[in-house]
Ligand SMILES: NC(=O)c1ccc[n+]([C@@H]2O[C@H](COP(=O)([O-])OP(=O)(O)OC[C@H]3O[C@@H](n4cnc5c(N)ncnc54)[C@H](OP(=O)(O)O)[C@@H]3O)[C@@H](O)[C@H]2O)c1
C-alpha cells in the first residue's frame, strides 16, 4: 500500500486508514472482538499502518480491541484516537477542558495498552471551553510524550483557523490532520476545507468515505432497506447523518449509476471507485475505510493503487457537484485575478 505524509507533520501513513468505529458494537451494525482483531491483522498484513479509533466508539470497547490486536507490534502503527464526546455521566466527562482532555487521554492509553498515541483528534468544537485551554493542554501532552501530534475533526472553518492562529501565537503544536466527512455523496466540506487544509499544511483524513455503505452499491433506488441485515442504513434514525432519506435522492442515485459505469469499465467494484475518487485528491493523506466484515475489508483494500483516469474523475466530479452557495458562487464569478 502506498504511503503519504500526514500534512506538514513527519508522520507517514498508509493511504487507507482502518476505521474501528463499529468494532465491539453488537450486531447487526457491529463486529465482534474476534472478527475485529482478525480484520486489524489482515489490514496490517496488507501494508496498512494507520488505525483510527475514539474514546467513545462502542463505549471504549473499540480502543480495547485495538490495544489487544496491536500488542507486541505497537511501533508498526500510527495510532489515532479522539477526545471530546461524553465518556461518563458527570458534567466534566465531556468537552475539551484541560481536565477532560488529560483524564480522557489517560483512560484511552489504558484501554489501548500503550504509553502514547501518535495522533489525538479533538472530535468536535466545545462551546464551553476557550480553545486556548484545549490547545495548551494538548501541547502539554505532546511535551509529555503521551501524544505525538494533534488533529481536528468537525470544527467550522473559522474555528479551525482561530485554533491555528492561537497555536501559532504561543508556539504550541498546531493541528496536522483534519478528519471530516467526505465522499461522493457528502461534499459539503469542499467549499472551505480543502483549500484551508492545503494552504495550512494539514492532511485531510476523510471519514464515511462510502456514505455509511451507500456507495458500495448494495442498496437499490426503489427498495428502502428495512431489515437490519441489509446494512446499517436500514436502521439509522431519521435525524441521523446517515438517515436513509438523506441518501435516497435523485442526485445520489445518479452518482451511484456513474460509479457503477466506471466500476464495470475498469473491472473494479463500486466501493473501490468511490474510495479512489477521494485518493486522487492531493490534500488527502489517508482515507478511513469503515468495515464490518472481512469480505468488506478485502473489497475496500482493492482501492489501494486503483488510479482513476482523469476523464472518469471529471465525470464523477460533475455528477456529484454540490450547488455552489454564496459567497463561493460570487467569488467564482467575479473574484478571478490574473497578472
Ligand atoms: N471523526 C468523526 O466524527 C467520525 C465519524 C464517523 C466515522 N469516523 C471514522 O471513519 C471510519 C469510517 O466511517 P464509516 O464507517 O462511516 O465509513 P463508510 O465507509 O462510509 O461506511 C462503512 C460501512 O459501510 C458498509 N460497507 C463498507 N464497505 C463495504 C463494502 N465493500 N461492501 C458493502 N458494504 C460495505 C459497512 O456497514 P454495513 O455492512 O452495516 O452496511 C461499513 O460498516 C470509522 O470507523 C471511524 O474510524 C469518524
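Each value in this text was obtained by applying a stated rule to the coordinates, not by laboratory testing. None of the values given here were measured: they were computed from a predicted structure. Note that we place each Cβ from the backbone using ideal geometry, even for glycine, and neighbour counts take in every protein chain shown.
Tabulated data
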read-out	value
Residue 307-residue 230 FRET efficiency (beta carbon distance; Förster radius 25 Å; 0.05 resolution)	0.20
Whole-angstrom gap from segment 262-319 to segment 108-169, using each part's C-alpha centre	30
Candidates 165, 58, 268, ranked by Gaussian network fluctuation over the chain, Cα under 10 Å, top entry	165
Antiparallel %, DSSP beta bridges [both residues in the chain], to 5	15
For segment 45-110: span of alpha carbons on each principal axis (Å, largest first)	42, 20, 16
Packing-based exposure ordering (other Cβ within 10 Å, fewest first) of 285, 97, 271, 86	86, 97, 271, 285
Alpha carbon convex hull of segment 234-339, projected area averaged over orientations, nm²	9.7
Of 128, 160, 306, the one that fluctuates the most in a GNM where the chain has Cα springs shorter than 10 Å	128
Length-normalised contact order for segment 3-334 - Cα pairs under 8 Å, 6+ apart - percent	18
Angstrom value of the Kirkwood radius, inverse mean 1/r, which spans all Cα pairs in segment 1-159	16.0
Sorted peptide list for 71-78, 329-336, criterion being average Cβ within 10 angstrom, highest first	71-78, 329-336
Extended-chain gain in nm, criterion 0.36 nm per residue less alpha-carbon gap, residue 333 and residue 191	49.7 nm
The chain: Rg to Rh, with Rh as the Kirkwood radius over Cα pairs	0.96
Residue 159 paired with residue 32, simple spin-label distance in nm, labels 7 Å along Cα-to-beta-carbon	3.8
Cα-based shape type of segment 159-224, given that a ≥ b ≥ c are square roots of the gyration tensor eigenvalues and the cut on a/c is 1.5	prolate
Among 254, 137, 276: highest mean-square fluctuation, GNM of the chain, C-alpha pairs under 10 Å	254
P(r) histogram, all alpha-carbon pairs of segment 131-282 included - 5 Å bins from 0, percent	2, 9, 16, 16, 15, 12, 11, 9, 7, 4, 1, 0
Value of [θ]222 nm, deg cm²/dmol, for the chain, DSSP H segments ≥ 4, -39500 (n - 2.57) each, nearest 500	-11500 deg cm²/dmol
Beta bridge orientation in segment 151-256: antiparallel %, DSSP, nearest 5	25
Gained length - residue 326 relative to residue 42, 0.36 nm times residue gap less alpha-carbon distance	97.7 nm
